[in-house]
Amino acid sequence: MTAPGRPEPGAPRRGRPKWLRLARPGSLYAKFTLFLAVMCCVVAAVLGTLVHVIVTRQTVHQARSEALSRLDTAARSYEAGDRLRPEAVLDSPQLPEPLRQMALRGERGTALGSFDGDPAM
């Protein structure tokens with residue numbers, strides 16, 4: 001026999017479920033859950049940033065390699081006296097000044113910018 005108002009041992013308890021009692025503000029369980037959620041967000045943000053940086057570097061590297069390959073092809077065609085492709089222009093007025101200075105020194109290079117509103121290498 002139990003005291004009046006108390007459930008008998010083994011009887012289902014009424015009131016808040018156990019997990020809600022554990023999650024009350026200020027409890028160690030609530031603090032740990034909040035810490036875990038914040039850390040998951042931080043890890044996701046760091047990984048997202050790293051993936052973005054790596055993919056951007058890889059894309060720029062591929063574009064730079066392709067641009068230099070096209071430059072080599074155009075230079076070989078010019079030296080051989082072959083007809084240049086329509087996109088290969090001699091002394092283009094749209095060439096950025098730093099690249100023009102490199103070309104005058106006999107160097108080759110690339111620059112990332114925009115052309116007609118689109119990204120270009």
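The values are calculated or read from the model by the stated rules, or taken from the named source; none is laboratory data. Remember, it's a predicted structure, so these values are computed and weren't measured experimentally. FYI the Cβ positions are ideal-geometry reconstructions off the backbone, even for glycines, and counts take in every protein chain you see. With ligands, DNA and RNA removed, areas are computed over all heavy atoms of the protein, side chains included. Shrake-Rupley method; radii C 1.70, N 1.55, O 1.52, S 1.80 Å.
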Filtered residue count, the stretch 69-96, keeping only those that are within 16 Å of ARG108 (Cβ to Cβ) and out of contact with any helix residue (DSSP H, G or I) (no Cβ under 7 Å at 6 or more places or on another chain): 17
Members of the stretch 96-119 that are under 18 Å from SER65 (Cα atoms) and among the hydrophobic types (A, V, I, L, M, F, W, C): LEU99, MET102, ALA103, ALA111, LEU112
Per-region count, the stretch 80-105, residues open to solvent by 70 Å² or more (accessible area, probe 1.4 Å) and assigned to a loop (DSSP other than H, G, I, E, B): 11
Residue in the stretch 55-63 that is out of contact with any His (no Cβ under 6 Å at 6 or more places or on another chain) and not in a helix (DSSP H, G or I) present: no
Failed criterion for ALA111 (all others in (1) open to solvent by less than 90 Å² (accessible area, probe 1.4 Å); (2) not in a loop (DSSP other than H, G, I, E, B); (3) not polar (S, T, N, Q) hold): (2)
Test: residue in the stretch 24-32 that is surrounded by 10 or more Cβ atoms within 10 Å (Cβ to Cβ), modelled with pLDDT under 85 and in a helix (DSSP H, G or I): yes
